[in-house]
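The values are calculated or read from the model by the stated rules, or taken from the named source; none is laboratory data. The model shown is predicted, which means the values in this text are computed figures rather than measured ones. Here the Cβ is made from the backbone with ideal geometry for all residues, glycine too, and neighbour counts use every protein chain on show. These area figures cover heavy atoms from the full protein model, side chains too; ligands, DNA and RNA do not enter into them. Shrake-Rupley method; radii C 1.70, N 1.55, O 1.52, S 1.80 Å.
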Amino acid sequence: MINYRGWRHTFKLDPDKEIGDDALEAICESGTDAIIVGGTYGVTFDNTLALMSRIRRYAVDAVLEISSLEAVVPGFDAYFIPLVLNAGDPDWTFAPHVSGLLAYGSYIHWDEIITEGYLVANPEAGVARLTKARPIADAATAKAYAQVATRICHLPIVYLEYSGTYGDPEVARACKAGAGEAHVFYGGGIRTPEQAAEMAAIADTIVVGNLVYEDVEAALATVAAVKG
């Protein structure tokens, strides 16, 4: 199994977004700990396979965060399986996972599967609308959700996702406090080295996504801010 507990910085790449060869090389060779592949809309088998084959030219760990059964592609180092903790639509809690096991259960290598307790904190995000995510009212609510993930469900990862907007550090701290021994990922809205360093001081691993497509040089600067 990959050592995700040793990660401090990761990039998330969306198969439905275009990235040039030079930019992809810079991202993969940046010193980041891993590339997470995933997205909410427009993710298909073909575009996921195409992106994976390009990432595989480099030595960096590559993980698929599964959001669509149609886009499950073999060949990644590991597979993150999100459970949306605050999904308002119960079909997003376990129904997709049951469907996945029915379709692929006999092919799964369980040592490659890592489950995430996913907390969607930006109500305007695509994933929030898709799952009808319940709002995170305050830091205490975030802490309680993190405790559900780790104390009740015994999940190894808590992923706090602000998806496109920079989050509240107090909510991140509460999430970390509630997570106990679980590994905490933070993703969402990181656009400066200062923001990267601030969230990296709270969470175990930060995830930089949209910035890759907006300003690749700024995205690269977040690696040094966290690891330098």
- Message: Out of the residues in region 191-228 meeting the condition of being buried (at least 23 other Cβ atoms within 10 Å of the Cβ) and outside any helix (DSSP H, G or I), tell me which one is modelled with the lowest pLDDT.
- Response: 209
- Please determine, by comparing only the residues of region 181-190 that are in contact with a helix residue (DSSP H, G or I) (Cβ under 6 Å, 6 or more places away or on another chain) and not in a strand (DSSP E or B), which one is surrounded by the fewest Cβ atoms within 10 Å (Cβ to Cβ). 182
- Query: Would you say residue 178 is touching a Phe, Trp or Tyr at 6+ places or on another chain (Cβ under 9 Å), in contact (Cβ under 8 Å) with a residue 12 or more places away in the chain, not hydrophobic (A, V, I, L, M, F, W, C) and not in a helix (DSSP H, G or I)?
  - Reply: no
- Message: Against the conditions (1) under 21 Å from residue 81 (Cβ atoms); (2) of a type in the set (A, V, I, L, M); (3) touching a Phe, Trp or Tyr at 6+ places or on another chain (Cβ under 9 Å); (4) without any contact (Cβ under 8 Å) to a residue 60 or more places away in the chain, where does residue 202 fall short? Just the number, please.
- Response: (1)
- Task: Specify the residue that is farthest from residue 208 (Cα to Cα); the eligible residues are those in region 4-48 that are crowded, with 21+ Cβ neighbours inside 10 Å and at pLDDT below 95.
- Result: 43
- Return the total of residues in region 135-163 being in a loop (DSSP other than H, G, I, E, B) and open to solvent by 30 Å² or more (accessible area, probe 1.4 Å). 8
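Residue-by-condition table, conditions (1) more than 29 Å from residue 24 (Cα to Cα); (2) under 17 Å from the mean Cα position of the chain (by Cα); (3) surrounded by fewer than 20 Cβ atoms within 10 Å (Cβ to Cβ):
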{"residue": "65", "(1), (2), (3)": "no, yes, no"}
{"residue": "81", "(1), (2), (3)": "no, yes, yes"}
{"residue": "99", "(1), (2), (3)": "yes, no, yes"}
{"residue": "103", "(1), (2), (3)": "yes, no, yes"}
- Query: For the subset of region 120-147 comprising residues that are modelled with pLDDT of 95 or more and in contact with a strand residue (DSSP E or B) (Cβ under 8 Å, 6 or more places away or on another chain), which member is nearest to residue 89 (Cα to Cα)?
  - Reply: 145
- Task: Residue by residue through region 67-79, note down the ones that are closer than 18 Å to residue 3 by Cα and open to solvent by 50 Å² or more (accessible area, probe 1.4 Å).
- Result: 77
- Condition broken by residue 94, with the remaining ones in (1) under 18 Å from residue 146 (Cα atoms); (2) hydrophobic (A, V, I, L, M, F, W, C); (3) open to solvent by less than 50 Å² (accessible area, probe 1.4 Å) satisfied: (3)
- Every residue from region 162-176 that is more than 16 Å from the chain's Cα centre (by Cα) and of a type in the set (Gly, Ala, Ser): 174
- Item | Hits in region 33-79 (condition: under 17 Å from residue 130 (Cβ atoms) and not in a loop (DSSP other than H, G, I, E, B)) | 65, 69, 70, 71
- Task: Consider only pairs whose beta carbons are under 9 Å apart and that are at least six residues apart or on different chains; among these, list those whose first residue lies in region 13-28 and is among the small types (Gly, Ala, Ser) and whose second residue is surrounded by fewer than 16 Cβ atoms within 10 Å (Cβ to Cβ).
- Result: 23/213; 26/217
- Message: Condition (residue is under 21 Å from residue 10 (Cα atoms) and not in a loop (DSSP other than H, G, I, E, B)) applied to region 94-101: is it met by at least one residue?
- Response: no
- Task: All but one of (1) in contact with a strand residue (DSSP E or B) (Cβ under 8 Å, 6 or more places away or on another chain); (2) assigned to a loop (DSSP other than H, G, I, E, B); (3) among the aromatic types (Phe, Trp, Tyr) hold for residue 166, so report the exception by its number.
- Result: (1)
